[in-house]
There are 2 protein chains.
Amino acid sequence: MSDFKIIDGKAVAASVLDEVRAETAELKARGVTPGLAVVLVGEDPASKVYVGAKDRTCRDLGLYSRKITLPTETTQEELLAVVRELNADPLIHGILVQSPPPKHINEEEIIRAIDPRKDVDGFHPQNVAKLALEDPSGFVPCTPAGSMRLLASAGVQTSGAEAVVIGRSMIVGKPMALLLMAKGSDATVTVAHSRSKDLPAICRRADIVIAAVGRPEMVKADWVKPGAVVIDVGINRVEDATAKNGYRLTGDVAYDEVAPKCAAITPVPGGVGPMTIAMLMKNTLQAARQLTA
Amino acid sequence: MSDFKIIDGKAVAASVLDEVRAETAELKARGVTPGLAVVLVGEDPASKVYVGAKDRTCRDLGLYSRKITLPTETTQEELLAVVRELNADPLIHGILVQSPPPKHINEEEIIRAIDPRKDVDGFHPQNVAKLALEDPSGFVPCTPAGSMRLLASAGVQTSGAEAVVIGRSMIVGKPMALLLMAKGSDATVTVAHSRSKDLPAICRRADIVIAAVGRPEMVKADWVKPGAVVIDVGINRVEDATAKNGYRLTGDVAYDEVAPKCAAITPVPGGVGPMTIAMLMKNTLQAARQLTA
């Protein structure tokens, strides 16, 4: 088997963004401009890049974007005050505090302070509960939402399929499992993790593999059943002397050896990555709609 | 294999109740009497039995019990008003509205109206989120909490074990899966359900089977791996002409044929059933402690 399908995250993200652009235009015609506020505390270079990309994507699509950059020494109280102002601001429908904040910040408390109706990251407990309770008014975290969309775009039947999610974080693993097992998706879902015995054997059962552990190229060819669909959520930097900046990006899946066994697979980069920002835009649109309904 | 262990839910429940009795005495010595309010709307005979048992167990353990019975024609607004009064009542630490209420009642809205700090059933979205987020200040639904306790009492190692949960309800299946996969429990968890393909094969992988589907004797001997541990959450009434009231209770597991293959199994009745009320008492104690801390 080697005519595997590469699931093109850039292309799918572009079509999601086209939807958002069109729906934004409609909303604007009704007098509502969806607005996203992204708060960056400190100087983390990767965070700066992400925040910049979110800001640019908003502008490109016609959303209102507000980028708030705060110094590293911002206190918890100051950050809470910023969140509360954004909660009250009628121009803002989505609020995101870029993770990770500096170490002295209690991130959980910040998340709980965000108005759940504006929590476009989907991390507020109220949205976590809505996901578990299959209440569509909640916001689904962007990365698992994007992964589901990639499965749909590739025509993958989830109903009755065996899905194995490797990783049990609240950012990806658990929400992904909840989405896959929800009514309508109807997959048989196994959540495996660092304490699982014989991960390769568990993974080999899967019709759909979701790798979300953050360990470069952990999933090898002999972990994957021929004809499986593989969604690689990992984005790991590994040193590479031949690369111009000294590193390259790699997923949690050993792509070169796994891909030929798959029916379909997402590459890294260019797979799940571009979907995350696209789903954030979609969530912001949903927030604007729900808040102005 | 036939020297399987019958996990004695009555005995484990009795020891949980002994803990609650002792801790209640301590709390009372500090001036706090844990109080549980159980609200019954209508005349459902099974609900009457359950509510009576909860009331008696409270009294027996030294908790303050308030049983509120309301007529079938109670309106949503009237029931909400009762809940709000109980929310505000300092003598009451736990509130439970017996399920199912009459059909004209919106049960979800009632659950959301309960102060989450008094939601000893663990069904309020805030407690659902705490379970997913592994926040121990939340209340865990009584049946899955009781099932976890039965596993612990039988000395079952969950870490690295393969657990298969059959059923994906928010009352049992999903919370059970979240408990089993949480840090500290560390099981590899598969959630299977009516849409799963080849349930017997999925079930045969399990070191731990949790049957929570509500289909009498669905799990057969050839579904179970020799040496597995089986927790049968089902309580089904099946017609039985030889029984004096015309029916008998049976679980989701074909006990007679499955038990000899197991390392350990819960019977029905006398397995998970008695644990549910015991864990309710434990949750009420936790509520009293947290509210008076």
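Things to note:
- A probe of 1.4 angstrom, applied to the heavy atoms of all protein chains, finds A:Leu291 with accessible area near 60 square angstrom.
- Of the residues A:Asp135, A:Asp121, ranked by 1.4 Å probe accessible area with the largest first, the sequence reads A:Asp135, A:Asp121.
- Sequence-distant residues sharing a close amide H with A:Ala206 (under 5 Å, placed H): A:Lys225
- Area hidden from solvent between A and B (accessible, protein heavy atoms only, 1.4 Å, total, Å²): 2600 Å²
- Packing, taken as the mean count of other beta carbons within 10 Å per residue, orders the peptides A:156-164, B:268-276, A:86-94 from highest to lowest as B:268-276, A:156-164, A:86-94.
- Within 10 Å of each Cβ in B:190-201, the average number of Cβ atoms from other chains: 6
- Normalised convex hull volume, the protein assembly as shown, alpha-carbon set, Å³ per residue: 177 Å³
- Restricting region A:142-194 to trypsin sites (Lys or Arg not before Pro) that sit in a DSSP loop and have at most 15 other Cβ atoms within 10 Å of their own Cβ leaves A:Lys183.
- With every protein chain in place, the protein assembly as shown: carbon and sulfur % of accessible area (1.4 Å): 54 percent
- Dividing the convex hull volume of the alpha-carbon atoms in region B:134-293 by its residue count gives 120 Å³ per residue.
- Here the protein assembly as shown is assigned +1 on the Cβ of each Lys and Arg and -1 on the Cβ of each Asp and Glu. Its dipole about the Cα centre then comes out at about 220 debye.
- Set of aspartates and glutamates near A:Lys183 by C-alpha distance (under 17 Å), chain-local residues within fewer than 8 positions excluded: A:Glu134, A:Asp135, A:Glu162
- Two-decimal log10 I(q)/I(0) for region B:1-150, as the Debye equation yields it once each C-alpha is a single scatterer, q = 0.10, 0.11, 0.14, 0.18 Å⁻¹: -0.40, -0.48, -0.76, -1.20
- With the convex hull drawn around the C-alpha atoms of region A:30-117, the volume per residue stands at 80 Å³.
- Label-to-label distance, nm, for residues given as B:Ser99 and A:Ala221 (7 Å Cα→Cβ offset): 5.0 nm
- Rounded Å value of the spacing that divides the Cα centres of region A:100-166 and region A:177-255: 18 Å
- Mean Cα-pair separation over length for chain B, i.e. relative contact order, pairs under 8 Å, 6 or more apart, %: 23 percent
- Hydrodynamic radius by Kirkwood, which averages 1/r over all alpha carbon pairs of chain B, in angstrom: 19.8 Å
- Within 10 Å of each Cβ in B:30-39, the average number of Cβ atoms from other chains: 0
- Within the assembled protein chains, the solvent-accessible surface assigned to B:Ile231 is about 0 Å², based on a 1.4 Å probe.
- Take each residue of peptide A:141-153, count the partner chain Cβ atoms within 10 Å of its Cβ, and average: the result is 0.
The values are calculated or read from the model by the stated rules, or taken from the named source; none is laboratory data. This one's a predicted model, so the numbers in the text were calculated from it and none came from an experiment. No Cβ is skipped: glycine too gets one built from the backbone with ideal geometry, and neighbour counts run over all protein chains shown. The accessibility values were calculated without ligands, DNA or RNA, using every heavy atom of the protein model including side chains. Shrake-Rupley method; radii C 1.70, N 1.55, O 1.52, S 1.80 Å.
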